[in-house]
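Peer 1: I'd like to ask some things about the structure below.
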């Protein structure tokens, strides 16, 4: 009888190790604010990783395609129901994550006789007026990390996800060296691509190595661009319609990077 709590903790530890192992190869996703809105960027070889959720909310995800699709549809349904029952202005990313998605992920992860979600999600919400943009990372166990704004922490105008913690840490460290609010689209795109390259290099590193030199990151980016598809989208501040999301054509992105 006394062994039951230990067995549950051991089972949870095994599940966490398993999920982290499954997520490890996941290609990084970078989201950052710039002069005209928010940019989301990644490179992929097989499937779509960036999605629209609601008028001012977008999602990037890594993990199992089936789990990502289930979570994407759930987020869309929740946001749409909120907008219909109240108004579009009442749809808020924090409420969507804190009261709906996070509890569902936590319950699935801790129910050791059912499958957990193999997913790591990056949500972003375009701020209204002078309000800051929100970047929110939601993990498979329901844990949430935002870009600040509480307990005296200043806002960081970016968010990232990757398959390994050291990749996330190196990408965040690199982005903290830049001020993003006045970047043009082309400048933001180049910064996002370079940050992606830093995270992708870190996936193959043996330990928490230092952030690679800019030249090495640029060389690695060129190598990957030759063999992978570019996926990018923006949330536009001055969009003519309530829906601010716009997926970017690959040719447009490659031209700007060149």
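Peer 1: Any residue in segment 48-57 that is part of a helix (DSSP H, G or I) and within 20 Å of residue 239 (Cα to Cα)? Outline the logic, then answer.
Peer 2: First, pick out the residues of segment 48-57 that are part of a helix (DSSP H, G or I): none.
No; the residues of segment 48-57 include none that is part of a helix (DSSP H, G or I) and within 20 Å of residue 239 (Cα to Cα).
Let's see how each residue does on (1) modelled with pLDDT under 95; (2) in a loop (DSSP other than H, G, I, E, B); (3) over 16 Å from residue 32 (Cα atoms):
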{"residue": "137", "(1), (2), (3)": "no, no, no"}
{"residue": "142", "(1), (2), (3)": "no, yes, yes"}
{"residue": "148", "(1), (2), (3)": "yes, yes, no"}
{"residue": "153", "(1), (2), (3)": "yes, yes, yes"}
{"residue": "160", "(1), (2), (3)": "no, no, no"}
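Peer 1: Identify all residues within segment 134-171 that are without any contact (Cβ under 8 Å) to a residue 24 or more places away in the chain and over 12 Å from the mean Cα position of the chain (by Cα); write none if there are none.
Peer 2: 148, 149, 150, 151, 152, 153, 154, 155, 156, 165
Peer 1: Are any residues in segment 21-36 surrounded by fewer than 22 Cβ atoms within 10 Å (Cβ to Cβ) and under 17 Å from residue 234 (Cα atoms), and if so, which ones?
Peer 2: The answer is 35, 36.
Peer 1: Is one or more of the residues making up segment 172-179 under 18 Å from residue 34 (Cβ atoms), in contact with a strand residue (DSSP E or B) (Cβ under 8 Å, 6 or more places away or on another chain) and touching a residue at least 60 places away in the same chain (Cβ under 8 Å)? Write out each step before concluding.
Peer 2: To start, the set of residues in segment 172-179 that are under 18 Å from residue 34 (Cβ atoms) comprises 172, 174-179.
Retained after the next criterion (residues that are in contact with a strand residue (DSSP E or B) (Cβ under 8 Å, 6 or more places away or on another chain)): 172, 175.
From the residues that got through so far, the ones that are touching a residue at least 60 places away in the same chain (Cβ under 8 Å) too are 175.
Yes, segment 172-179 has at least one match.
Peer 1: Could you run through segment 102-118 and say how many residues are assigned to a helix (DSSP H, G or I) and in contact (Cβ under 8 Å) with a residue 40 or more places away in the chain?
Peer 2: The initial filter retains those residues of segment 102-118 that are assigned to a helix (DSSP H, G or I), namely 102-110.
Checking which are in contact (Cβ under 8 Å) with a residue 40 or more places away in the chain leaves us with 102, 109-110.
Count: 3.
Peer 1: From (1) part of a helix (DSSP H, G or I); (2) within 25 Å of residue 225 (Cβ to Cβ); (3) touching a helix residue (DSSP H, G or I) at 6+ places or on another chain (Cβ under 9 Å), pick out the condition that doesn't hold for residue 19.
Peer 2: In the conditions (1) part of a helix (DSSP H, G or I); (2) within 25 Å of residue 225 (Cβ to Cβ); (3) touching a helix residue (DSSP H, G or I) at 6+ places or on another chain (Cβ under 9 Å), residue 19 misses (2) alone.
The values are calculated or read from the model by the stated rules, or taken from the named source; none is laboratory data. As the structure is a computational prediction, the values presented were derived from the model and not from experiment. Using ideal geometry, Cβ is built from the backbone for each residue, glycine included, and neighbour counts are taken over all protein chains shown.
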